[in-house]
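What follows draws every value from the coordinates through simple rules; no lab data is involved. Predicted model, so just to flag it, every value in this text is computed and none were measured. Reconstructed Cβ throughout: ideal geometry from the backbone, glycine too, with neighbour counts over all protein chains shown.
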Amino acid sequence: MPAPAGATARDLFQWLSYLQYPALLVALGYGAKAGWSLAMAGTDSGATVYDDFNYVLLYAGIGIGLSSLQDPTRTQNDVSRRVWQDPRKGRWMLVLLSFYTLTSMVAGLVGAYLADTTVVNQLSLGLVAFGLGMVGLLKTAIEMREHHRLDKQVASSSGGSQA
């Protein structure tokens, strides 16, 4: 489905960002499949469950990365708007996202380096893919915070720059 003739690049990327939802649904499907396999077969289906967990990480990373294509001047919902308008909540959200990003990437890289088995190596690379998706989300979150902070909007609209 092509973008409308008057659409800007920003509109196109906003439209493409909605591809995050199918990717996240696929990740959810693999997560449910892994849970079902564990519940039904116990430990007999270990390799299949690990493959499914790897796919969860890969598709979640892709979906989260696609979310970074959204327009940072728009918020998706009221909760998001309230978080990014409040400087304190926004700062805590950025700290939390940074922690998740760094933790998943470091754990993935260390795991891949120290892996003795293919299963651990694949899960580690899945964590790296998830972390890379989180980097895109973190970039978008920083931009959203800059666009929506009420304290910055009040300061910039109250009479120009102050040196």
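Taking the conditions exactly as written (in a helix (DSSP H, G or I), of a type in the set (D, E, K, R) and more than 14 Å from GLY136 (Cα to Cα)), does ARG74 satisfy them or not? It is false that ARG74 is in a helix (DSSP H, G or I), of a type in the set (D, E, K, R) and more than 14 Å from GLY136 (Cα to Cα). For the structure I just gave you, tell me whether VAL106 is in a helix (DSSP H, G or I) and closer than 17 Å to ILE142 by Cβ. It is false that VAL106 is in a helix (DSSP H, G or I) and closer than 17 Å to ILE142 by Cβ.
If we scan region 112-123, do we find a residue that is touching a residue at least 40 places away in the same chain (Cβ under 8 Å), out of contact with any Lys or Arg (no Cβ under 6 Å at 6 or more places or on another chain) and closer than 21 Å to ILE142 by Cβ? No, the conditions are met nowhere in region 112-123.
Sub-6 Å Cβ pairs linking a first residue in region 71-91 that is surrounded by 12 or more Cβ atoms within 10 Å (Cβ to Cβ) to a second residue that is part of a loop (DSSP other than H, G, I, E, B), at least 6 apart or interchain, are ARG81/THR75; PRO87/ARG149, ordered by first then second residue.
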